[in-house]
Amino acid sequence: MPRNAHYVLSTHWDREWYQTFQDFRFRLVRLVDEILAGWADGRLKGPFQTDGQAIILEDYLEIRPERRELVTALLKDGHFVSGPWYVLPDEFLVSGESLVRNIEFGRKLVRSLGAEPSNAGFLCDMFGHNSQMPQIFAGFGIQMGFIWRGNNLADRRLAIWRGADGTELPCYRFGENGYCTYATSVRQLNGSLPELSPAEIRARQAAYFQLENSKTETGPLLIFDGCDHLAWNPADYAVLAERFGADGEFSLRHTSLDAYMQEMLPHKAEISTVLEGELREPALYPGHVEAQWLIPGVGSSRVNLKLANAACQSLLCQWAEPINAFAHHALEMEYPQGFLDVAWRWLLQNHPHDSICGCSIDRVHEDMLYRFHQTEQIGERITLEASRAITASVSGEVGENEVRVGVFNPLPRALDEVVDLDLEVPTGWPVFNEMSNSEFKISLRIYDAQGKELPYQRVAQQLGQQRYRYYGKVFAENYQVNVVRVSLPLRIPALGYTTLSLRAGEPGLPTRHPMLPGLVTGERSMENEFLKVSVEPDGTLSLLDKRSGQAYRRLLTFEDRADIGDGWNHGPAENDQHFFSPGSRTSIARVSSGRYKASFRIRTVMELPAEFDFANLKRSDEIAGLVIDSLVTLRAGCPRLEVETTVHNNVKDHRLRVLFPSGAQAQTYIADSPFDVVERPIALRADNHLYREPEIEPKPMETFTAVFDSSRGLAVISSGLLESAVVDHPERTLALTLFRATRKTVGTNGEPGGQMLGELRFRYWLAPLQGAPDRSELLSLGQQLAAGLRLAFLEKRSRAFYRQGKDLPAESSFLALHGPAVLTSLRRTPAGLEARLLNPQDAQVTAVLRLPENHPAAAQPVNFEHRPSGPALPVKNGQVEVPLKAKQVLTLVIG
């Protein structure tokens, strides 16, 4: 009986890469036009798969709007098969929420054109695969994956991929040249060589069929024709069409990935190979045997893109969506879904792997900054409008010499610690001076939601700052404020707000509060209840964890080495010099000193080779001073150190990391990944020398990396710094990559954008550990660092403009989460108010959600399509207990 074979016609469409988006779109329009012509004249006899991403149709129809009805009809009848993605993203450099929204967006786009999206889990060219993709796909009803990189299964085509939560996804593993295997094996892709004759094409096709037959252990064959930016080849296709039907050994049809998948799924139990967790194995075999590369260095190239992306993801998921859900629930304000859709569309268009990975030409990455700006502007505006409305609707009048401040907490737990607030007050408020007439200070008193005066520590001030305000139906007004930065202990309810009242002090009289004893204990030291910190003369830190008695030395050491790679890979040089900051010129300044906060600024000037000398293959003899400023802060009652490092980068062709020797006796470490916390070995693989692409020390992270033993350890928490390592030497040094600066870009003689010249600013926190940490707590710290707090300022006139029809209390919580789980999303959907929870633990846990007022009688679990996925959970006394399996992502409709 002939073996069934499915021929699938596609293309792999990098939307931007070695050319700009508009250059590639010109080619895309021509490609789709040729597909339409092939269907029209009958040469093309089956469907076209749009590379797993629906944006191809969106991009085409923007140029050819007159063909919308035709494309829609062809999509409905199965000629076009599109989705499930909106764009094909990188799987490690964007959040789990972004991956869900990407598929949601792609499926919504296809449905808006009147068809159902593809259910083929297409992952053809991602640079490795994260551990939760099987669960994400399952949440959309996607039952099969199509993968390539991150494994070395060159001798077989099928595998079961078991995800972090145990979800098993049958997968087709593309062949020796990945998704290009058919094209490179059969088609003539070298334009300088003569075209193949029909007989040569037949012979190549026959050989290819036999190869696939030998490597596909069960079920039908997949003949996938979809290489980088390739249009269909009518000559090759005409020869292939001769085989349609049964030819004795094979029965070939031109179908789709979905049709292949439906025939393959009944054979799932016959697949013998199992892959576990994240797939990040580097390339093993010689290039003539297997062409896959993992390409592991993209986490630290063009770091400005990674920082901007992390900021936009946090803005939408931690601020714009939940605060507007709060405003809708409490004040019946319109939920700004249209604005959110546009913001997400701009953001997702930056997530294709050649875009967010930072491995394209400069013009591409310049275009990306514009898209990030659009997301930022929309997200900031709708967040500001909601926060002002909530603050204005708090009951009670605002006095003439008073400013009401709404302070908002995006975390699903109460925040009770020392915080920094930049308070804006009118320029006409009284001032006082101390010991000199050269500087005036604002006379300011702060009262909490209960009317109690709050002591505070003055940190900084900026006078005469320009602002605009708009009250509708009149011109916007330009005005000035004085900004006073203060530190003070404050409690803000979970996913909620508290209000402060700022009032002018008496003219000429100081407004001070006791600041002794302070946290500064010496000219280079500070101490709180938990930590004792010393700044050493070489600029490194010594830290004593008073809880455990464990001491740490040489923290905040900077390491610099040559990088002659590109956006894809860190390129170590044979003739390299590794530089370390101890021994560099260092100055230390005390910046803040008080009972609530202490800060030291450490300026280190590393004398480094100015660039790499490619002619002589060594770092240049010219020396440049790389200035590194680090502001190190300790807060009262807080068991962490906060660092903000500013690098004035004037050096080319190098990589800069910051090092934290942990002293932990550990063989593994943990780091977060989209919807997961993964454990990785510290040592590189023992047979690493045999690999064509050796495993490298740095690995991806999302917000934290931690290494620990039973009594000590360190965790570093950051936002937008996506590469870390634990060095395999006795000190178990945790290394956080700040950036890579490279000159090579694909298809050019080199461009300046990848050098990251100019000022770069990084924020990260350091938390000493006393043993294994709470994974959900580390994830929560990552959310806190990324999101910060938001303030809304209202005077008497502005309160009247923004106030809604209802009165709100002086402080309130919208929703709270208790237990070892993490809230990753809170938004309104067509199904209602929707919350998504993650259990990052290796065992089942129970979380408790406290719900908003007027909650339903039950919370309904739903899948990623907002459809019920299990029995409803009862709500008792405004709370719902949520059982979560190990590593489970669970979505609930709660209102």
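Some values worked out for this structure:
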| quantity | calculated |
| --- | --- |
| Tally, over segment 375-401, of residues that are over 19 Å from Leu789 (Cα atoms) and open to solvent by 30 Å² or more (accessible area, probe 1.4 Å) | 5 |
| Flag if Gly128 is closer than 21 Å to Glu217 by Cβ and open to solvent by less than 10 Å² (accessible area, probe 1.4 Å) | no |
| Ala715 vs. criteria open to solvent by less than 10 Å² (accessible area, probe 1.4 Å) and touching a residue at least 24 places away in the same chain (Cβ under 8 Å) | yes |
| Qualifying residue in segment 782-796 (condition: open to solvent by 60 Å² or more (accessible area, probe 1.4 Å) and among the charged types (D, E, K, R)) | yes |
| Residues being on the phi > 0 side of the Ramachandran plot and assigned to a helix (DSSP H, G or I) - total across segment 223-248 | 0 |
| Test: residue in segment 323-338 that is buried (at least 24 other Cβ atoms within 10 Å of the Cβ), closer than 26 Å to Phe127 by Cβ and not charged (D, E, K, R) | no |
| Segment 839-854, subset open to solvent by less than 10 Å² (accessible area, probe 1.4 Å) and part of a strand (DSSP E or B), residue nearest to Tyr497 (Cα to Cα) | Leu849 |
| Positions within segment 639-679 being in a loop (DSSP other than H, G, I, E, B) and either in contact with a Lys or Arg (Cβ under 7 Å, 6 or more places away or on another chain) or farther than 29 Å from Pro730 by Cα (or both), in sequence order | Asn650, Val651, Lys652, Asp653, Ser662, Gly663, Ala664, Ala666, Pro674, Phe675 |
| Unmet requirement for Ala73, which otherwise passes all of (1) small (Gly, Ala, Ser); (2) assigned to a helix (DSSP H, G or I); (3) touching a residue at least 60 places away in the same chain (Cβ under 8 Å) | (3) |
| Count of segment 34-43 residues which are in contact (Cβ under 8 Å) with a residue 12 or more places away in the chain and open to solvent by 10 Å² or more (accessible area, probe 1.4 Å) | 4 |
| Where Val678 falls short, out of the listed (1) touching a residue at least 60 places away in the same chain (Cβ under 8 Å); (2) under 15 Å from Trp765 (Cα atoms); (3) hydrophobic (A, V, I, L, M, F, W, C) | (2) |
| Single condition Ile361 does not satisfy, out of (1) touching a strand residue (DSSP E or B) at 6+ places or on another chain (Cβ under 7 Å); (2) under 30 Å from Glu176 (Cβ atoms); (3) surrounded by fewer than 23 Cβ atoms within 10 Å (Cβ to Cβ) | (1) |
| Residue pairs meeting the criteria (Cβ under 6 Å; at least 6 apart or on separate chains; first more than 16 Å from Met368 (Cα to Cα), in segment 291-312; second surrounded by fewer than 24 Cβ atoms within 10 Å (Cβ to Cβ) and among the aliphatic types (A, V, I, L, M)) | Gln292/Ala283; Trp293/Ala283; Pro296/Ile696 |
| Failed criterion for Val289 (all others in (1) of a type in the set (A, V, I, L, M); (2) open to solvent by 10 Å² or more (accessible area, probe 1.4 Å); (3) touching a helix residue (DSSP H, G or I) at 6+ places or on another chain (Cβ under 7 Å); (4) farther than 30 Å from Ala741 by Cβ hold) | (3) |
| Of all residues in segment 506-526 being buried (at least 19 other Cβ atoms within 10 Å of the Cβ) and not β-branched (Val, Ile, Thr), the one that is farthest from Glu453 (Cα to Cα) | Met526 |
| Index of the failed condition, Cys227 passing every other in (1) open to solvent by less than 10 Å² (accessible area, probe 1.4 Å); (2) in contact (Cβ under 8 Å) with a residue 60 or more places away in the chain | (1) |
| Failed condition for Gly78, given (1) crowded, with 18+ Cβ neighbours inside 10 Å; (2) not in a helix (DSSP H, G or I) | (1) |
| Strands (runs of 3 or more DSSP E) lying entirely in segment 471-578 (those with 2 or more residues that are farther than 30 Å from Phe614 by Cβ and touching a residue at least 60 places away in the same chain (Cβ under 8 Å)) | 477-492, 496-504, 525-527, 531-535, 541-545, 550-555 |
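The values are calculated or read from the model by the stated rules, or taken from the named source; none is laboratory data. All of these numbers come straight from a predicted model, not from anything done at the bench. FYI the Cβ positions are ideal-geometry reconstructions off the backbone, even for glycines, and counts take in every protein chain you see. Ligands, DNA and RNA are excluded from the accessible area calculation, which covers all protein heavy atoms including side chains. Shrake-Rupley method; radii C 1.70, N 1.55, O 1.52, S 1.80 Å.
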